[in-house]
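The values are calculated or read from the model by the stated rules, or taken from the named source; none is laboratory data. Remember, predicted model here, so these are calculated numbers, not experimental data. Reconstructed Cβ throughout: ideal geometry from the backbone, glycine too, with neighbour counts over all protein chains shown. For the accessible areas, the whole protein counts, side chains as well, though only heavy atoms, and no ligand, DNA or RNA atoms are used. Shrake-Rupley method; radii C 1.70, N 1.55, O 1.52, S 1.80 Å.
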Amino acid sequence: MSSKFYEINYRFTSSLEDNEASSYISSYEGNIVQGDIDTEEEIIIGKLKLDLIHISRAYDNRFPVIEVFDFDSQIINMAEYIFDFDKDDFKEEIKDFYDGAYIHSGICLLRHIELVESHRGKGIGTKVLQDIFNRFSSSCGLFVVEAYPLQFRQESVDKS
């Protein structure tokens, strides 16, 4: 029987400023840790970063959602795919696909997950994603993964 276990040590940042875009975003970082029950040793085998974007609170407080999305370049880039700024609402494709179930709920933007190479392919990443879903699904109706930009760019990459 294995004496190893895995856990995520989350840290989060939340703004105390009222009427600022940052007050509608909670940023989480985490270390993915492998522990050994017998030796009580722990090693960091990965890291993650995500943002919870509290859209429903922005709407409730009549705070401009565009300002929340415009908080930083990664968030606004993500928003361009899912949000119709002219209508101040999610794009029709998103609403149709999810049958409106998440409307004006929070968004979880998963910015980064990494595992050291020796721990890849062992199902740990799947467990990390499941933990993120379990921890944050009550606050978020939509989970968005930001894929590594170079892998999915439409333009060709110069290979010289």
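Output the qualifying pairs, or none if there are none: Cβ atoms under 9 angstrom, residues six or more apart or on different chains, first residue in region 62-73 and farther than 19 Å from Cys108 by Cβ, second residue acidic (Asp, Glu) and open to solvent by less than 80 Å² (accessible area, probe 1.4 Å).
Between residues of region 62-73 that are farther than 19 Å from Cys108 by Cβ and residues that are acidic (Asp, Glu) and open to solvent by less than 80 Å² (accessible area, probe 1.4 Å), the close pairs are Pro64/Asp88; Ile66/Asp88.
Cβ-Cβ below 9 Å, separation at least six or inter-chain, first residue in region 131-160 and small (Gly, Ala, Ser), second modelled with pLDDT of 85 or more and in a loop (DSSP other than H, G, I, E, B): which pairs?
Correct list of pairs: Ser139/His54.
Quick one: is Ser118 at pLDDT below 90 and hydroxyl-bearing (Ser, Thr, Tyr)?
Criteria not met by Ser118.
Residues to consider are Glu17, Glu7; find the one that is among the charged types (D, E, K, R) and open to solvent by 90 Å² or more (accessible area, probe 1.4 Å).
Answer to the check: Glu17.
Of all residues being modelled with pLDDT under 85 and acidic (Asp, Glu) in region 121-160, which is least open to solvent (accessible area, probe 1.4 Å)? Just the residue, please.
Among them, the one singled out is Glu146.
Determine whether Ser26 is closer than 23 Å to Leu110 by Cα, among the polar types (S, T, N, Q) and touching a residue at least 12 places away in the same chain (Cβ under 8 Å).
Taking the combined requirement at face value, the residue satisfies it.
Is at least one residue of region 49-63 charged (D, E, K, R), within 19 Å of Phe143 (Cβ to Cβ) and not in a strand (DSSP E or B)?
Yes - at least one qualifying residue is present in region 49-63.
Any idea which of Ile76, Ile94, Ile66 is in a helix (DSSP H, G or I) and crowded, with 17+ Cβ neighbours inside 10 Å?
Answer to the selection: Ile94.
When the residues of region 76-111 are filtered to those that are closer than 13 Å to Ile55 by Cβ and β-branched (Val, Ile, Thr), which remaining residue is modelled with the lowest pLDDT?
Step by step, filter region 76-111, then rank; the result is Ile103.
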